[in-house]
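Notes follow the structure.
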């Protein structure tokens, strides 16, 4: 007999307001039209034969439950409205579904409690939801102990057998006030992965999402074969089985309430029911795979599909199953949204590592800046959307398929600000058969570690390191885990903390092992120190350490002793590891109290310099602080000026070209750093100018970004609100290359008329010496300018993006008392002016080089340095990069519950305005040697923070008190830049350093008319930050 499908209401279809809208009506429809057909089978612990339940029997059981609930006064139903909720805390069998349907039929909200919750978690949910009664199984009474002390009412209800077979009194009338989107039907709770579970309120329409979660065609002549489910009915995934039975006639087979499903019990259920599909979790499939004689495989490959969810499947297990013909289907859901991937037979192009999100419930896949996706959805009746924590990556071939990369809240932020998503590494190590699970750690530390839970208490198998190596291959350098940073425990000795669903509670687990983790970090600094340094072998040992940390064997052989660590690929985490190794060896000497500056590797970033420094330390000699000295800055400027002088021949070529005459031409602009915030708007603004024939963008290759250069540029521009019209892309050429390897024979490059050098690494840890290669890049651009000048009618213009930090310590003449009020003048400064940051000092050296280039080659090139103050997100877009210092202050304030009071004035310039100013200066007739760019319309910090305080609903506290909170918490993004906030930020950002802009305003109408920012700008910034992943790492960005 064929199953007659009910028509379920679909609010998305205009003009189709008919259809079933709630669970009681859906059950009644089936009792009327499919009465004798099988709703499902409930297995029993003490019987080989399961209980068959028809649709008519289900309706009768629901009515019997209604009668009992009212007669026993479990629900205080009010004729004209809704009663207080009733909680269900039952072992998982069909009883849960029957009582859920009965309570909804009576108009009573249902609280569905997991049987795996702890006593404190049960009490917490009940306290928040205040039910009139709790229906509880005898075996779960222990979980109610804390709630019972609070004098809540607990009742043991009749079993499903009693409801199915008992007398059928006239049921109380069905509640008729159901509205499909009232969030008063079902109350689920979160798993409590980050603390105590929270109640989540849902509507009738939400429940119906489970009924429509499929893409299965109806059989022609008969009902579907059964579907075996090993899932508990108190979770959303488990609710799919009975709901699909009601909506499409897919009968279920449920395990007994008193036993935990196993591989063998699942095989028995499959065999007796002749099922053709299954809903399950990875652990059961893994156990079935391990059964002897392939009995598990043989049972599974007969099925049309196996939907799995709840936890990631080990790739080795999944591959073994799929290779033997098992049809895996990834399911996915969220307590706040419901099931988000359809139940279906896997389509021909389906990749088992991916899932297929639903398209019928309004899910929005939002692409992030790091090329992953976040899912935003809204449950029926909810007024606000919900963003799912999972991070997805799109299939490279099939765009409807997505893979879960990890969770946004699993992000680890190292002490240096680098961010690590450990999911891939955890999964790689977890593939080992001896491993139960793995959790990465390292938040606020200088290196990553891994906590591994073994299946038993045996020693870690030796081949486990091969799995670690494989996992490390997919991690960025700062995310790799060394063997000596792995901690082991076991499921039998000290297991991980898990939720009621069995998923790992990461924060609780790391807190459980905090002592072991602290000991690991404390001892690791000396772990590699087998013996103290010997002076004559210092360089040899340093070479080996650098080679080990960086992975470059050229260091070990001494081939590159003079190469800058950071230009050969070392990052700040590896620098911290190198310092830790050196310190460990120094401290291994008896009685040693050696210590090293945290930035020692940044101050001495070559084997030669670091070896000399360690040798001097061992000899007790004083060490020079060359990175901060005025002498070093002047010396470097002199050295690079000498290199410029060696380009005189190219300038002579310009003189010869002038004699032969060069025809005028349209502008060809070379732009470096076009993918940054300012770079995106510079590109957009340049293309708005009809006199610009071509923009050539040169950017460093991105090793971790698979997108082509043009696609990446478009993605980043869209994210920031910068616009390039389709036809204008024809005037853009993007070159991915290192700036040290410019092709001086490229005919287009030799036609460049204007150069805008915007690319510069923002790293406040690096010393002046560590920026040498970037200063060398400017020499290469000057060389290109001289070559292109030979083909231009006018001198090639070169504009360099300098920084307010170059004049952070500007010394006013004692005779100029009114100077500070007017602002620092737009003219060259000496080496006393930059702040004590290698970043600022290196930009000062670049300014000196451009001054020298103007003096040496003024007829061939004209160079200008633009010192830029604080830029913000664009007008109307609000995309203020969340890794800059003020967004970090705001994010930290939310964590601390207060904003800091900041006095004085600020000058904020939206980045789109800044780009317009720069283009106007670039093409101005005067094109002066130095310009300043900050908003001349200054405003008070107080007004700005008052507006922000009202938007965020946060109080303000004195800045010093706020910094105390930052340092005491140790876990906010501001903790990573506390030194900068207390030092240079307060000086540069509060009006102590004011840039005079007379010359720039004379050459830029945009700057002359720039207005102050108002509350709408602040609202735009907050709206943007609210959309951004809250786990973004802390960095500090100053131009």
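The values are calculated or read from the model by the stated rules, or taken from the named source; none is laboratory data. Please read all numbers here as calculations on a predicted model, not as lab measurements. For neighbour counting, all protein chains shown are included, and Cβ atoms are generated from backbone atoms with ideal geometry for every residue, glycine included.
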### Summary
Scanning the range 946-955 residue by residue, the ones that are in contact with a strand residue (DSSP E or B) (Cβ under 8 Å, 6 or more places away or on another chain) and either buried (at least 21 other Cβ atoms within 10 Å of the Cβ) or assigned to a loop (DSSP other than H, G, I, E, B) (or both) total 3
### Task
Exactly one condition in (1) more than 36 Å from the chain's Cα centre (by Cα); (2) assigned to a helix (DSSP H, G or I); (3) over 25 Å from residue 39 (Cβ atoms) is not met by residue 131; state its number.
(2)
### Task
Kindly check whether there is at least one residue in the range 760-777 that is modelled with pLDDT of 90 or more, out of contact with any strand residue (DSSP E or B) (no Cβ under 7 Å at 6 or more places or on another chain) and surrounded by fewer than 14 Cβ atoms within 10 Å (Cβ to Cβ).
no
### Summary
Among (1) surrounded by 18 or more Cβ atoms within 10 Å (Cβ to Cβ); (2) under 16 Å from residue 1019 (Cα atoms), residue 943 falls short only on (1)
### Task
Test each condition in (1) closer than 23 Å to residue 914 by Cα; (2) at pLDDT below 90; (3) surrounded by fewer than 24 Cβ atoms within 10 Å (Cβ to Cβ) for residue 824 and report the one that comes out false.
(2)
### Task
Considering each of 936, 1039, 1033 in turn, give the residue that is part of a loop (DSSP other than H, G, I, E, B), more than 23 Å from residue 896 (Cα to Cα) and modelled with pLDDT under 90.
1039
### Message
Could you check the range 300-341 and list, in sequence order, the residues that are modelled with pLDDT of 95 or more and in a helix (DSSP H, G or I)?
### Response
300
### Message
Conditions first: (1) out of contact with any helix residue (DSSP H, G or I) (no Cβ under 6 Å at 6 or more places or on another chain); (2) farther than 19 Å from residue 678 by Cα; (3) modelled with pLDDT of 85 or more. Residue 1020 passes all but one, so which condition is the exception?
### Response
(2)
### Query
Checking residue 375 against (1) modelled with pLDDT of 90 or more; (2) assigned to a loop (DSSP other than H, G, I, E, B); (3) under 20 Å from the mean Cα position of the chain (by Cα), which test does it fail?
(2)
### Query
If only one of 196, 217 is without any contact (Cβ under 8 Å) to a residue 24 or more places away in the chain and either outside the structural domain of residue 38 (by TED's automatic domain parsing) or within 40 Å of the chain's Cα centre (by Cα) (or both), which one is it?
217
### Task
May I ask you to say which residue of 578, 586 is at pLDDT 85 or above, within 18 Å of residue 537 (Cβ to Cβ) and part of a helix (DSSP H, G or I)?
578
### Query
Residues of the range 989-1005 being closer than 19 Å to residue 880 by Cβ and either outside the structural domain of residue 940 (by TED's automatic domain parsing) or in contact with a helix residue (DSSP H, G or I) (Cβ under 7 Å, 6 or more places away or on another chain) (or both), which ones?
990
### Checklist (1) at pLDDT 90 or above; (2) under 18 Å from residue 951 (Cβ atoms); (3) surrounded by 21 or more Cβ atoms within 10 Å (Cβ to Cβ) applied to residue 901, failing item
(3)
### Query
Does residue 924 fit the bill of being farther than 18 Å from residue 989 by Cα, more than 33 Å from the chain's Cα centre (by Cα) and not assigned by TED's automatic domain parsing to the domain that holds residue 1001?
yes
### Query
What number of residues in the range 342-373 are crowded, with 19+ Cβ neighbours inside 10 Å and either in contact (Cβ under 8 Å) with a residue 60 or more places away in the chain or farther than 23 Å from residue 310 by Cβ (or both)?
4
#### Entry: Filter pass, residue 227 being in contact (Cβ under 8 Å) with a residue 40 or more places away in the chain and under 17 Å from residue 52 (Cα atoms)
yes
#### Entry: Qualifying positions in the range 850-887 - assigned to a helix (DSSP H, G or I), in contact with a helix residue (DSSP H, G or I) (Cβ under 8 Å, 6 or more places away or on another chain) and surrounded by fewer than 23 Cβ atoms within 10 Å (Cβ to Cβ)
852, 856, 885
### Task
Tell me which residues, restricted to the range 591-632, are over 13 Å from residue 769 (Cα atoms), crowded, with 19+ Cβ neighbours inside 10 Å and modelled with pLDDT under 70.
none
